[in-house]
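Trainee: Structure incoming, see below.
The values are calculated or read from the model by the stated rules, or taken from the named source; none is laboratory data. Just so it is clear, the model here is predicted, and its values are computed rather than measured. Reconstructed Cβ throughout: ideal geometry from the backbone, glycine too, with neighbour counts over all protein chains shown. Only protein heavy atoms, including side chains, enter the accessible area calculation; ligands, DNA and RNA are left aside. Shrake-Rupley method; radii C 1.70, N 1.55, O 1.52, S 1.80 Å.
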Amino acid sequence: MDEGLQAISPPPLAGQAELFPPPFTGEGRVGASAPEDIHMFVEQQLIEKIGALGGKLHTGRSRNDQVVVDERLYVKSVGAQLVAGILALESALVTRAREQLDTIMPGYTHTQRAQPVLLAHHLLAYVEMLRRDGDRLHDAVGRADVSPLGAGALAGSGFPIDREALARDLGFATASANSLDAVADRDFILELISACSIVMIHLSRLCGEIVLWTSAEFSFASLPDSLASGSSMMPNKKNPCAAELVRAKSGRVAGDLMNLLMVLKGLPLAYNRDLQEDKEALFDAVDTTQACLEVTARLVEGIQFDQEKMRGAALAGYTLATEAADYLSRKGVPFRDAHRVVGQIVARAIKAHRGIEDLSLDELRQFSSLFDADVFDHLTLEGALRSRDVLGGTAPVRVREALANVKT
């Protein structure tokens, strides 16, 4: 983990030390030479304890099916941890959304101010993304819940073992249906890393917005000193380095996915030593995603929003123009015509250095006689928000409804 990210990362997850043991060094070896791998090490340790009977441990087994057993057990375990990390970030976002129910900000398209939205609505958009991420991870774990033990090297075991019983003993839902597929399959790892990649893309988008919001150009928010870094040269700087690192690490996890995709491409059945390369991609993707989920949750918990600055930006940029067009449409004007009329109004307001909400009723009627005094009920931030009263909209009543229904 990079030093900058490690500096603000919380302690390792419970049990993480067991999931990521130090590399095997050959200590405790039997005889003059170190065992070839962990499987031989376990067998030699058993022989040392109980004698020649320990040599029967490998009966009906191959390293090919044993390795995949280990990987599937690992995917099941870390999949559950990743889902827990997602739920923790969702909880942080929901908590902040509840705190910011009255905060209005500009919504953007093309990085241009478009229409006012509630900050709570914006934060809940990421909750929806994370919900889907959790579902994808849950599905990936479900498909990893298959025991390959008894598939042997590729053709199945030559001994009458009860593979279903073995699967149950190891906590798997079932046993694999095809021995070749069992030892050659790595798509359960691909699926987990793919899910991690999508998680990281969502974290990158959120952290990218944090970087923008905390810039002087936006000034929508600030980070506490514990979540920012100074400059070695410029004493005025307060850099959102944690958010930048999370944003950058999305490429690393996507790279892990591409790495394993290329390893598997065109690989003939069944086992090939190429598959040894699956572990580095798997471990790195999981480690990185876990750390970034934890850091992003801390960023969400610690960010401080400037409500006045956000409100001012929400009104600037003629963000109420759509409300004026909708007003005319409700009076029976085809929307394309209403759009053209309000475009002319905006052009007039820009030339006069005024907002359209600052124009008088007489000025508005120069463009359409359908404007009445009630138009000014719509040409406010609150009026614009209230008008978006549809399922999934940014109307305060809908956002409160969404918060009431959210489960974290």
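Trainee: Just flag the trypsin sites (Lys or Arg not before Pro) in the range 332-401 sitting in loop per DSSP whose Cβ has no more than 14 other Cβ atoms within 10 Å.
Mentor: Hits after loop and neighbour filter: R354.
Trainee: Report the one residue of A153, S222, S197 whose Cα lies farthest in the direction of the positive end of the charge dipole of the range 126-237 (charges on C-beta: Lys and Arg +1, Asp and Glu -1; origin at the Cα centre).
Mentor: It is S222, whose Cα lies furthest towards the positive end.
Trainee: For mean projected area of the Cα convex hull in nm², the listed values are (i) 27.9; (ii) 19.2; (iii) 21.0; which was obtained by calculation from the structure presented?
Mentor: Correct label, based on the coordinates given: (i).
Trainee: At a threshold of 8 angstrom on Cα-Cα distance, excluding pairs fewer than six apart, so keeping six or more, what relative contact order does the range 142-262 reach in percent?
Mentor: Normalised by residue count, the contact order of the range 142-262 is 23 percent.
Trainee: Still on this structure: Hey, what did the chain get for relative contact order, percent, Cα under 8 Å, at least 6 apart?
Mentor: The value is 18 percent.
Trainee: How big is the charge dipole of the range 111-210 about its Cα centre, in debye rounded to the nearest 20, if each Lys and Arg gets +1 on its Cβ and each Asp and Glu gets -1 on its Cβ?
Mentor: My answer is approximately 400 debye.
Trainee: Please name whichever of V69, H353, A125 sits farthest to the positive end of the charge dipole of the chain, dipole taken about the Cα centre and charges placed at Cβ: Lys and Arg +1, Asp and Glu -1.
Mentor: Value computed over the given set: H353.
Trainee: Counting only GluC sites (Glu not before Pro) that sit in a DSSP loop (anything but H, G, I, E, B) with at most 13 other Cβ atoms within 10 Å, what is the longest stretch of the chain containing none of them?
Mentor: That gives 218-408 as the longest site-free run.
Trainee: So how strong a dipole does the chain carry about its Cα centre when Lys and Arg Cβ are +1 and Asp and Glu Cβ are -1, to the nearest 20 debye?
Mentor: Numbers: 42 positive and 54 negative charges, 162 e Å.
The calculation lands at about 780 debye.
Trainee: If you roll a 1.4 angstrom probe over the protein chains with everything in place, what fraction of the accessible area of the chain belongs to carbon and sulfur, to the nearest %?
Mentor: Answer for the chain: carbon and sulfur cover 54 percent of the accessible area.
Trainee: Pick from Q44, Q304, Q290: which residue has the top mean-square fluctuation in a GNM of the chain where Cα pairs under 10 Å get a spring?
Mentor: Q44
Trainee: Same structure again: Between their Cα atoms, which of K76/K249; K237/K407; K309/K331; K49/K76; K237/K351; K238/K351 are more than 28 Å away from each other?
Mentor: K237/K407; K309/K331; K49/K76; K237/K351; K238/K351
Trainee: For the chain, what is the accessible area per residue in Å², given a 1.4 Å probe and the full set of protein chains?
Mentor: On the way: 20780 Å² over 408 residues.
Accessible area per residue: 51 Å².
Trainee: Classify the range 196-347: rounded, prolate or oblate, from the alpha-carbon gyration tensor (a ≥ b ≥ c, eigenvalue square roots; a/c under 1.5 rounded; otherwise prolate if a/b is larger than b/c)?
Mentor: oblate
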